[in-house]
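Chemist: Here's a structure for you.
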Amino acid sequence: MLNTLIVGASGYAGAELVSYVNRHPHMTITALTVSAQSNDAGKLISDLHPQLKGVVDLPLQPMSDISEFTDGVDVVFLATAHEVSHDLAPQFLAAGCVVFDLSGAFRVNDAAFYEKYYGFTHQHPDLLDKAVYGLAEWSADKLKDADLVAVPGCYPTAAQLSLKPLIDAGLLDLNQWPVINATSGVSGAGRKAAIANSFCEVSLQPYGVFNHRHHPEITTHLGAEVIFTPHLGSFPRGILETITCRLKPGVTQDQVADVFTQAYASKPLVRLYDKGLPALKNVVGLPFCDIGFAVQGEHLIVVAAEDNLLKGAAAQAMQCANIRFGYAETQSLI
């Protein structure tokens, strides 16, 4: 049984992790923590997230010194802000824990990336070298030996799952950069209240044009340039990405279908569409990324849908943990 600590458990992704760990037959929750300054400290997780009432009624303990929580702990999930994960991950690793970080603190092995896009100077270049990028369908071999897993961002997960098979197979004319139009629900902004993500204030609008921190994460791990435009939608959760690409001359719809099938036929959390295209309602509350596509001449449109809190965060973190410890990928997820 893996003793498991969830740090930042009060947030939306944290609460989803609580549910997954609680029903995992090989994991047990040792504690749920929040920062010592959090207004949620001392409250029950089930008071903040009533879907857990009678299921997990544990308190959110304030954490200022990690040594109070590491005794006997095997696994730590960090559902924390980037700069917090940056400081905590090395401490948990030193305590002998395997760390799954849902923030962006270790996703890109380039210290300059963090100064430009995250606003802090990265102090752990050795851990940037060591961290495994946990795009689960493509990282299984590396995950099996990982002590620090950087769980991909929500937008990059859907974008890379859609594009990586096509790029690796050489089907795309990358002189025309793939254009990713992506829309997320407001839960992607986190649980902390702000006017910009207040439900009554949100309209469908783009943001972070040409400077969103997920853009360089996508291009770094794809090894290809893209145009990425995120949008905030007036719905609670889910991501839909419509990706426009150009195929190389002579590439057929059947070839595209074959490449997706070869990539994901044995991957239980990616669902491919033979006809029709994915919709948000098909994935909200579920751990899948759904992918469909359409071809006309040399033009290819790929559509991907996922729950930003699940396949885009908590479910992928658990999927990575399952791979790391040799359990079925879908354990506790389905």
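Chemist: Say we look at the range 299-334 and pick out the residues that are in contact with a Lys or Arg (Cβ under 7 Å, 6 or more places away or on another chain) and polar (S, T, N, Q); which of these is nearest to residue 102 (Cα to Cα)?
Modeler: In this case the residue turns out to be 308.
Chemist: Suppose the filter is of a type in the set (A, V, I, L, M) and part of a helix (DSSP H, G or I); does residue 41 pass it?
Modeler: no
Chemist: Given the criteria without any contact (Cβ under 8 Å) to a residue 24 or more places away in the chain and surrounded by fewer than 23 Cβ atoms within 10 Å (Cβ to Cβ), does residue 272 qualify?
Modeler: It is true that residue 272 is without any contact (Cβ under 8 Å) to a residue 24 or more places away in the chain and surrounded by fewer than 23 Cβ atoms within 10 Å (Cβ to Cβ).
Chemist: Another question, if that's okay. Mind listing whichever residues of the range 243-275 are of a type in the set (Asp, Glu) and modelled with pLDDT of 95 or more?
Modeler: Of everything in the range 243-275, those that are of a type in the set (Asp, Glu) and modelled with pLDDT of 95 or more turn out to be 254, 258.
Chemist: Quick check, is residue 285 at pLDDT 95 or above and either part of a loop (DSSP other than H, G, I, E, B) or of a type in the set (A, V, I, L, M) (or both)?
Modeler: Against the criterion (at pLDDT 95 or above and either part of a loop (DSSP other than H, G, I, E, B) or of a type in the set (A, V, I, L, M) (or both)), residue 285 qualifies.
Chemist: Hey, another quick one. Determine whether residue 220 is in contact with a Lys or Arg (Cβ under 9 Å, 6 or more places away or on another chain), closer than 28 Å to residue 333 by Cα and surrounded by 15 or more Cβ atoms within 10 Å (Cβ to Cβ).
Modeler: No.
Chemist: I've got another one for you. In the range 198-225, what count of residues is obtained for those that are of a type in the set (Gly, Ala, Ser) and modelled with pLDDT under 95?
Modeler: So the count comes out to 3.
Chemist: For the range 301-334, what are the residues that are surrounded by fewer than 22 Cβ atoms within 10 Å (Cβ to Cβ), touching a helix residue (DSSP H, G or I) at 6+ places or on another chain (Cβ under 9 Å) and over 21 Å from residue 78 (Cα atoms)?
Modeler: Correct list: 303, 328.
Chemist: Only one of (1) surrounded by 20 or more Cβ atoms within 10 Å (Cβ to Cβ); (2) out of contact with any helix residue (DSSP H, G or I) (no Cβ under 8 Å at 6 or more places or on another chain) is not met by residue 252, so which one is it?
Modeler: (1)
Chemist: Go over the candidates 34, 76, 18, 108 one by one and state the one that is hydrophobic (A, V, I, L, M, F, W, C) and either surrounded by fewer than 18 Cβ atoms within 10 Å (Cβ to Cβ) or assigned to a loop (DSSP other than H, G, I, E, B) (or both).
Modeler: Going through 34, 76, 18, 108 in turn, just one is hydrophobic (A, V, I, L, M, F, W, C) and either surrounded by fewer than 18 Cβ atoms within 10 Å (Cβ to Cβ) or assigned to a loop (DSSP other than H, G, I, E, B) (or both): 108.
Chemist: If residue 240 meets every condition in (1) surrounded by 16 or more Cβ atoms within 10 Å (Cβ to Cβ); (2) modelled with pLDDT under 95 apart from one, which number is that one?
Modeler: Unmet condition: (2).
Chemist: Regarding the range 86-95, can at least one residue be identified that is small (Gly, Ala, Ser), assigned to a loop (DSSP other than H, G, I, E, B) and either closer than 24 Å to residue 322 by Cα or within 20 Å of the chain's Cα centre (by Cα) (or both)?
Modeler: Yes, the range 86-95 contains a residue that is small (Gly, Ala, Ser), assigned to a loop (DSSP other than H, G, I, E, B) and either closer than 24 Å to residue 322 by Cα or within 20 Å of the chain's Cα centre (by Cα) (or both).
Chemist: Which of the numbered conditions does residue 154 fail, given that it passes all the others? Conditions: (1) at pLDDT below 95; (2) surrounded by 21 or more Cβ atoms within 10 Å (Cβ to Cβ).
Modeler: Status for residue 154: all satisfied but (1).
The values are calculated or read from the model by the stated rules, or taken from the named source; none is laboratory data. None of these values were measured; they are calculated from a predicted model. Note that we place each Cβ from the backbone using ideal geometry, even for glycine, and neighbour counts take in every protein chain shown.
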